[in-house]
1. Only residues that are of a type outside the set (Val, Ile, Thr), touching a residue at least 24 places away in the same chain (Cβ under 8 Å) and open to solvent by less than 60 Å² (accessible area, probe 1.4 Å): list them for region A:524-551, please.
2. Quick check on my filter: what residues within region A:267-289 are within 14 Å of A:LEU223 (Cα to Cα), in a helix (DSSP H, G or I) and open to solvent by less than 10 Å² (accessible area, probe 1.4 Å)?
3. What do you reckon, is C:VAL4 at the interface with another protein chain (Cβ under 7 Å from one of its Cβ atoms) and either over 30 Å from B:SER16 (Cβ atoms) or surrounded by fewer than 23 Cβ atoms within 10 Å (Cβ to Cβ) (or both)?
4. Before we move on, is B:ALA139 among the small types (Gly, Ala, Ser) and at the interface with chain C (Cβ under 8 Å from one of its Cβ atoms)?
5. Scan region A:608-623 and report the pairs whose first residue is closer than 26 Å to C:ILE23 by Cα and whose second residue is in a loop (DSSP other than H, G, I, E, B) and of a type in the set (D, E, K, R), with Cβ atoms within less than 9 Å and a gap of 6+ or a chain change.
6. If you scan region B:135-155, which residues turn out to be without any contact (Cβ under 8 Å) to a residue 12 or more places away in the chain and either open to solvent by 60 Å² or more (accessible area, probe 1.4 Å) or over 17 Å from C:ILE59 (Cβ atoms) (or both)?
7. So, in region A:209-234, exactly how many residues are open to solvent by less than 10 Å² (accessible area, probe 1.4 Å) and either of a type in the set (S, T, N, Q) or within 14 Å of A:GLY149 (Cβ to Cβ) (or both)?
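The values are calculated or read from the model by the stated rules, or taken from the named source; none is laboratory data. From a predicted model like this one, the values you see are computed outputs, not experimental measurements. Every residue, glycine among them, receives a Cβ derived from its backbone with ideal geometry; neighbour counts consider all protein chains shown. Areas reflect the complete protein model, heavy atoms only, side chains present, ligands, DNA and RNA absent. Shrake-Rupley method; radii C 1.70, N 1.55, O 1.52, S 1.80 Å.
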Amino acid sequence: MENLIALLIAAPLLGAAVLLCGGRRLDKAGHWLGTLLAGASFVIGAVLFVDMLGRSADHRTVTKHLFSWIPVEGFQANVGFQLDQLSMTFVLLITGVGTLIHIYSIGYMEHDENRRRFFGYLNLFLAAMLLLVLADNYLLLYVGWEGVGLASYLLIGFWQHKPSAATAAKKAFLVNRVGDMGLSIAIMVMFTTFGSFAFSTVLGETGGASSGRNTAIGLMLLLAACGKSAQVPLQSWLGDAMEGPTPVSALIHAATMVTAGVYLITRSGAIFNAVPDVQTVVVIVGAVTLLFGAIVGCAKDDIKKALAGSTMSQIGYMVLATGLGPIGYVFAIMHLVTHGFFKAGLFLGAGSVMHGMNDEVDMRKYGGLRKYMPVTFVTFGLGYLAIIGFPGLSGFFSKDKIIEAAFAKGGTEGWILGAVTLLGAAITAYYMTRVMVMTFFGEERWKHAKTASPDQPGVEPAAETHGAHDEPHPHESPKSMTIPMIVLAFGSVFAGGIFGIGDRFVKWLEPVTSFDHGNSPVAEWTVTAATIVCLLIGVGLAVAQYGRKPVPAVAPRGSLLTRAARRDLLQDDFNHVVLVRGGEHLTRSLVYLDHSLVDGVVNGTAASVGGLSGRLRKLQNGFARSYAVSMFGGAVVIIAATLLMRAV
Amino acid sequence: MSAPTELLAAAASHTSTGEAFQFWVLGTVAVIGALCTILMKKAVHSALCLAGTMIILAIFYLANGAYFLGIVQIVVYTGAIMMLFLFVVMLVGVTAADSLKETIKGQRWWAAACGLGFGVLLIAGIGNASLTTFTGLGAANANGNVEGLATLIFTKYVFAFEITGALLITSAVGAMVLTHRERTERAKTQREMSEERVRGKHLPPLPAPGVYARHNAVDIAGLLPDGTPSELTVNQTLRGRGQIRDVSSEAIADLKALEQRSEERLGRDEEAVK
Amino acid sequence: MNPVNYLYLAALLFTIGAAGVLIRRNAIVVFMCVELMLNACNLAFVCFSRLHGNLDGQIIAFFTMVVAAAEVVVGLAIIVSLFRSRHSASVDDASLMKL
């Protein structure tokens, strides 16, 4: 059974290799092959899951040593897999959502001439992501980590003929590099501390390492997580990553890759548990990102960027939960899974809306679409209800648990975190209602509006195939697109209940992540009630603002906060001023230093040597008699010295 | 002979008055000779002065009991080496006088300073050595100076002797290599030479130098009928060195003077006849 | 008189020779001055021989003469070939080895 684990990765990897190397002759069947292999991977995952369920909780972890990768004395890097409940959760999420998005992409990318390449990249992503979650050591995890970064880069820049997409891809890659640096440093520190990268060794011997080492590893892992999961301060790339095709946004930048940071922190829980200070940092990062993403999400008119802000915010919830330690790990993963369902569903819904609206992304040019796209409206609406935490749907179970866990942290910290998460819930309700209302309700603002021309940034070139009509004709998407949305809508509705009721998910994950109820100062029902109140406030505000009044076609100037939020809360400006300008100034001063000091010393030495030589050269006049005088003078000096030495 | 030998063998602090007299007189001459060597404008004079100095040194060798070296100094040095010098001087041009004007800036001052410093240091060093007594060569020369040297050369210094032999041969070969000129063109055959001569400008022998009945030296160009000197009449080497004396104007002036004198005489004779 | 006076004389001759090397331009004269210096050394060696009462100094002087003879042969050959190529025996004319 363990051999199937390798097959799990091999299937999409094979797909990627065949599709990317196969050339144009695979253009017609390429998408089917890619989808088939993704589906095969899901089937294998399911088989392994059933197999795992058949064993008792303590014997569910399976390891498979494949081969020795870098066998050097004192440096043993192995290729091996570890399939436990945590990995299994991810495998099912990745392959499940991945397969659905493959199916969706068949319809969505139908008119793109590079569809085969797209499916190759998607398969590559699946393989890398599976490698990331299945690796049994940090070095192999790093390979997967870089692999998903590469796939993300390729897919964001899939329409690389658009400068904005190419720039966004580079931005994502560069910002991710900062985080990857953190992971590589963490791995180096691990190796010098524990002499190994294996999870079993590193996490098992955490107690034996000094707290300084643990702190360093923890902070570096957090940096890596920040980069991959778009957490403050490395969050700037996620908004721009929406330049990629919508299925990519759904799969990579909502459901799976961006949650790799959460996986990393959860997987390395033993290290974080050992250093509470680092956990505090994790919690702060999560809390800040939670609010940051939510505020950004409120201000965006671009439907995908609003959802991207939401993703950032929801991952903030997860990171906050992981920072709580054993109280929160389980709920972080649970929220991760439910979020994977509903956010992927929301993105696919957004893609469907764009598909029907000539690839228009500005929500101010939507409105009243529920009549034209019923399936999209229902699935998107269920995703919406799930994410705001409507009682009974999946978001309710997972988010509520995180808020409870935040309170359960105890002390002042607990109260602050609880307040932040409640505030986040309210803002989530606000911005998601805004998206919902602006898109599906109200006036049909698109009727007399001109659609954006294809070369305008943020517009996907598929518009060309539709033709740039003056007026869009909203229509429901084909079956290949609606079916995955329906399946994900089911997930959005029921996953939370399946996981949450009877603490099934807690019991499932507890052997891996451990679990602690904490001591909440407030009763569970109080928190739930408070959450629902916050939710209602948020929804009410949004309905009052966007549902009752007509939505202006051009965004009003807005308050200072709104304008800042539209600019992603000045994150790019901050990066530009602090990092780019700072870097430029540093470079300039280094160049100046180089020119004046280093070159000065070098050139000065050379010039003085040259000048001295020019003067000494005159001694070299070619006259033998002059040389004879020098020799004779030297003899005189030697005799004088000899006599002097004798005299002394 | 044995008594003075024994006397010499003992450590002494003074030499005989005769030797002292000889030293002061000849030493002065030697220094003058050395100074003349470096101050004479013509190389041949320098060589002669040097030869004189060397002969004096040979006498000093003899006075110091180095009989063999004294003779060798005269025979080899003064006789052979200095003659070699003179030979080269002749080859290069015996009459060419050097200008003693210094051309390198500061050379003379540096040379003077270094020489003075060197001399002072050397003399100070010797004066400092406190050599008040000397052994003398009486014992060493007891079996004869030549025998003593021969014993040393063929026993203690035999390897050095052999090596100097090799050195001499090497230098002889080296001198030949240095002065040997490789023929770069084919040697002319006798036929070619005769054709060249017959077809060339001068079929008869070149005109002889000298002016008839007045100058017959080889460095004086013969005069053509119009009184101008002919380059062809003098040796090419002398022409190259610029050592040709031009007597054309001299001859014409002489001729004029002769005619004037003869006219005067004729005039006087005519007056006498009247 | 003390034989040390010969040493003083040798020093004087040597210095005169050295000065000659430095101030004369004619290669032949320079060479003669070198010979003068060698002879001054020989005089010193002979004098040392007398001071010490053994013949080793004379042997050294003898070897000096041999070496000087070899040197003269090669040196004069050089001067002759130099004169042939440059039509001059001035050491200053051979001053091409400079920048």
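1. Passing the criteria: A:ALA530, A:CYS534, A:LEU535, A:GLY538, A:ALA542, A:TYR546, A:GLY547.
2. Correct list: A:PHE272, A:VAL278, A:VAL282, A:VAL283, A:GLY286, A:THR289.
3. For C:VAL4, the condition - at the interface with another protein chain (Cβ under 7 Å from one of its Cβ atoms) and either over 30 Å from B:SER16 (Cβ atoms) or surrounded by fewer than 23 Cβ atoms within 10 Å (Cβ to Cβ) (or both) - is met.
4. yes
5. A:ARG617/C:LYS98; A:GLN620/C:LYS98; A:ASN621/C:LYS98; A:GLY622/C:ASP92; A:GLY622/C:LYS98; A:PHE623/C:ASP92; A:PHE623/C:LYS98
6. B:ASN143, B:GLU147, B:THR151, B:PHE154, B:THR155, listed by residue number.
7. 9
Residues checked against (1) assigned to a helix (DSSP H, G or I); (2) open to solvent by less than 30 Å² (accessible area, probe 1.4 Å); (3) under 30 Å from A:TRP237 (Cβ atoms):
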site	(1), (2), (3)
A:PHE574	yes, no, yes
A:ARG581	yes, no, yes
A:SER589	yes, no, yes
A:TYR592	yes, no, no
A:GLY600	yes, no, no
A:ASN621	no, no, no
A:MET631	yes, no, no
A:ALA635	yes, no, no
